[in-house]
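Structure, as structure tokens:
The values are calculated or read from the model by the stated rules, or taken from the named source; none is laboratory data. Small disclaimer: the values here were computed from a predicted structure and weren't measured. As a convention, Cβ positions derive from the backbone with ideal geometry for all residues, glycine included, and neighbour counts pool all protein chains shown. Surface areas here come from the heavy atoms of the whole protein model, side chains and all, with no ligands, DNA or RNA. Shrake-Rupley method; radii C 1.70, N 1.55, O 1.52, S 1.80 Å.
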Amino acid sequence: MNKIPTPKISEILKEEFIELLNFSAYALAKRIKVPMSRIQGILHDRGQITGDTSVRLGRVFGVSDRYFLNLQNDIDIRNVEKAKGKVYA
């Protein structure tokens, strides 16, 4: 059975939000008043969404304050279940 791979938060943020709204990583960081390194870290899979980042992104993109944090948690749980499914069974 072929399974669809779990997306990364970086892919979702980039493809569904940044590119669609024609933002650059720099413009987004400036708009939400965070260091550029925070956005770059997320986009290059070196950083994760924090509560603070989720609220800031949610306000800019018009989604709930918890949207990105919940998305990150969902991805994390899927990956853990995939990696350790036999242990949990």
Along the charge dipole of the chain, pointing to its positive end and built from +1/-1 on Cβ of Lys, Arg, Asp and Glu, which listed residue (17, 41, 70) has its Cα farthest out?
41
Could you tell me the number of lysine pairs in the chain with C-alpha atoms less than 28 Å from each other, where the two lysines are 8 or more residues apart or belong to different chains?
12
Within the chain, helix-based [θ] at 222 nm, where runs of 4 or more DSSP H residues each add -39,500 (n - 2.57), nearest 500:
-18000 deg cm²/dmol
Take the alpha carbon gyration tensor of the range 1-50, find the square roots of its eigenvalues, order them as a ≥ b ≥ c, and report rounded if a/c is under 1.5; if not, report prolate when a/b exceeds b/c, else oblate.
oblate
Around residue 38, what is the net charge, scoring Lys/Arg as +1 and Asp/Glu as -1 over all other residues with Cβ under 11 Å from its Cβ?
+2
Let me check I've understood the local charge: for residue 10, count other residues with C-beta under 14 angstrom from its C-beta, Lys and Arg +1, Asp and Glu -1. What total comes out?
-2
The answer for the chain, accessible area per residue at 1.4 Å probe in Å², is 71 Å²
Calculated Cα extents along the principal axes in Å (choose from [x] 45, 24, 23; [y] 49, 31, 17; [z] 55, 30, 23), label
[x]
Given trypsin sites (Lys or Arg not before Pro), DSSP loops and at most 12 other Cβ atoms within 10 Å, the longest exposed-site-free stretch of the chain is 47-89
